[in-house]
Structure formats: C-alpha cells, structure tokens
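The values are calculated or read from the model by the stated rules, or taken from the named source; none is laboratory data. None of these values were measured; they are calculated from a predicted model. Cβ atoms come from the backbone with ideal geometry, glycine included; neighbour counts cover every protein chain shown.
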Amino acid sequence: MKTLTLLLLLTSASFAQSVKGDIRKIDLENGRITITHAPIKNLDMGEMTMGFRITPELGKDLKVGDKILFDADRVDGAISVTKVKKQ
Ligand SMILES: [Cu+2]
C-alpha cells in the first residue's frame, strides 16, 4: 500500500499538467522553441502556436516535427518549458 501511494505521488508530480504539442521551430542557441500546443490550464491559454523559452539541456533531444508532452510555466517572467518528453 505504501509503495503504491508513493508511485502515484511520483507519477502525478512528474507530469501533473502535461500538454500535447508539436514542435515547429527550435533555436537552442537562443533558448527558444516554437510549439503548436493544446490548451494549457495553468497559464489560462487555449490552443495556439507560440514561442517558449527552453534550456539547451531540456531541448537537446528535440527536433522540428516531434510530438511532445510538456509542462510550461512562467519562470522569471518568461513563459518557459519546464519539462518535456516525446509522445
Ligand atoms: Cu500559448
């Protein structure tokens, strides 16, 4: 029982708000990625295509055309990808 509870907690913490997206452009030198994304509840956004900030570390395995699940949030005022994995 304890193990199951812990697993559920870990699962929901790691991808609590994951949003589906398609990568349209990626420019890691400037820390930018353009994603067509599904609604993002925590940012009160509908579906759209827009740019996000991303770190080179988070973006290193991504390329244009990839379908992803990601989390986004405001970091120091800039809307940023905070977690990402390929679908
Ligand atoms: Cu948006």
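Key figures
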read-out	value
Residue list for region 60-85, restricted to those being touching an Asp or Glu at 6+ places or on another chain (Cβ under 6 Å) and of a type in the set (D, E, K, R)	LYS67, LYS83
Test: residue in region 40-61 that is aliphatic (A, V, I, L, M), away from the ligand (no atom under 16 Å from the Cβ) and at pLDDT 95 or above	yes
Enumeration of residues in region 1-39 that are exposed (fewer than 11 other Cβ atoms within 10 Å of the Cβ), at pLDDT below 95 and not hydroxyl-bearing (Ser, Thr, Tyr)	MET1, LYS2, LEU4, LEU6, LEU7, LEU8, LEU9, LEU10, ALA13, ALA16
Identity of the residue in region 25-39, hydrophobic (A, V, I, L, M, F, W, C) and more than 14 Å from the ligand (Cβ to nearest atom), that ends up nearest to LYS86 (Cα to Cα)	ILE26
